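One structure is given below, encoded as structure tokens.
Here, each number is a calculation from the coordinates, and none is a lab measurement. Here the structure is a predicted model, which is why all the values come from computation and not from measurement. For neighbour counting, all protein chains shown are included, and Cβ atoms are generated from backbone atoms with ideal geometry for every residue, glycine included.
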Amino acid sequence: MQIIITGAAGFIGSNLAARLLNEGYSVVGIDNFSYGKHENLRFLLKHKNFSFIEGDLLHESVYEQLKGDVIIHLASQKIPRYSSASKTLQDNSRILSFIIDKCKKDNQRLLYASTSDIYGKNPDTPYHEESNIVLGPPTIKRWAYALSKIYGEQLIMANHQDFNLQFTIFRLFGSYGPNQNTTWWGGPQAVFIQNILEGKPLEIHGDGLQTRTFTYIDDTIEGIFHCLKDPRAQNEIFNIAGNPEEEISIISLAKKIWYQMKGLNSFPQIAFIPYTSFGNYEDVKKRVPCINKIMKFGYRPQWTLDKGLEKTIEWQISRNKYCRA
């Protein structure tokens, strides 16, 4: 089986490609390097069953080059914290429309990366796949990302109903680990590690009391692999997340990383950044998953937050040395 991965030079894409190659699949990756990194591909390009296309998915002509049985669509604009809401909305919807047309034309199955952000401000946690969606007002641009993914899920299911598009949708919760982007694009843990490496205080948006459940990349990839290989996952939606019992506040996460890197006797240096510094913004107070559905397919998160952060810190330190070399 040949698998197409969009965003293959990105964090999740590069890790997923490595796993699929190890499992005996052939992989075609595509990326335009707007957020992906060439360094994420350096080992993949040596593999005989990996081929790579540098191309922009906003250009319809590129899709003729994507030959395979399944498309795993990871490429996406994310929460427009420091960027444009219009780009998030337009790029995500346009690219997915092209991909759905491609899947229908070539009879390809679609695996679609959605997000825990679609649950929005729903106060009823943990979130399960049928939980209500509660978004903030359209005057707050942070909801553009969630809205683009909600639209994407609806568009996929409409095409399933009307044209028998075969799909699986997976909603990801706070993935982190090797190959992550080391800016806010990669999440708070990436920024905290980079802050410490650069001798800066820990940059916390808001008061840091908002809570999240994080997922080490190996667990994320295991969840996606279950969605790919198990026929019962066809035309279903799944949460993929770490252990819900490891919910943690952002300020506690920052301190945990500080102590792991600087020692328990050190005093965390923290800089609180108000949301007003990057426009009209609204955060989510709690994000806790229910993973009972995917656990019925044999998925179990294997990584604790402490162990995952330890490996991630090791990788980010080595990456800094590699980039300076």
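Across the stretch 235-325, Cα pairs under 8 Å and at least six residues apart give a relative contact order of 48 percent. Taking only alpha carbon atoms, the stretch 71-209 gives an Rg to Rh ratio of 1.01, where Rh is the Kirkwood radius.
For the pair the stretch 169-248 / the stretch 275-325, the C-alpha centres are spaced 3 Å from each other.
When the convex hull of its Cα atoms is viewed from all sides, the stretch 211-253 shows a mean projected area of 3.5 nm². If the Kirkwood radius is taken over C-alpha pairs of the stretch 1-64, then at 10 °C and 1.306 mPa s the Stokes-Einstein diffusion coefficient equals 137 µm²/s. Report the Stokes-Einstein translational diffusion coefficient (µm² s⁻¹, integer) for the chain, Rh taken as the Kirkwood radius over Cα pairs, at 10 °C with viscosity 1.306 mPa s. Answer, rounded: 79 µm²/s. Both radii were evaluated on the Cα set of the stretch 4-130; the Rg over Rh quotient, with Rh as the Kirkwood radius, amounts to 0.99. In a fully extended conformation the segment linking E245 and L209 would gain 11.3 nm over its present Cα-Cα distance, using 0.36 nm per residue. Here the calculated FRET efficiency for I270 and R300, from their Cβ-Cβ distance with R0 = 41 Å, stands at 0.75, rounded to the nearest 0.05. Put a dot 7 Å past the Cα of S61, heading toward its Cβ, do the same for Y259, and the two dots end up 5.7 nm apart.
Pairs spanning more than 26 Å between alpha-carbon atoms, out of K105/K149; K67/K229; K255/K321; K286/K307; K285/K321; K105/K296: K285/K321; K105/K296. The helix-based estimate of mean residue ellipticity at 222 nm for the chain, built from -39,500 (n - 2.57) per DSSP H run of four or more residues and divided by its residue count, is -11500 deg cm²/dmol to the nearest 500.
Defining a contact as two alpha carbons under 8 Å apart and six or more residues distant in sequence, what relative contact order in percent does the stretch 1-124 show?
Details: 184 pairs, mean separation 32.4, N = 124.
In percent, rounded to a whole number, it is 26.
Of the chymotrypsin sites (Phe, Trp or Tyr not before Pro) found in the stretch 41-92, those that fall in a DSSP loop while having at most 13 other beta-carbon atoms within 10 Å are F43, Y82. Sequence gap at least 6, Cα distance under 8 Å: using those rules, report the relative contact order of the chain to the nearest whole percent. So the answer I get is 17 percent. Kindly list the residues of the stretch 222-258 that lie in the label zone of D69, defined by a backbone N under 11 Å from the point 7 Å along the Cα-to-C-beta vector. It comes to 229, nothing else.
Here the label points at M1 and L45, each 7 Å from Cα along the C-beta direction, are separated by 2.8 nm in the simple model.
In this rough spin-label picture, where each label sits 7 Å from Cα along the Cβ direction, the E54-S84 distance is 2.4 nm. For the chain, give me the percentage of DSSP beta bridges that are antiparallel, rounded to the nearest 5 percent. Just about 5 percent of them are antiparallel.
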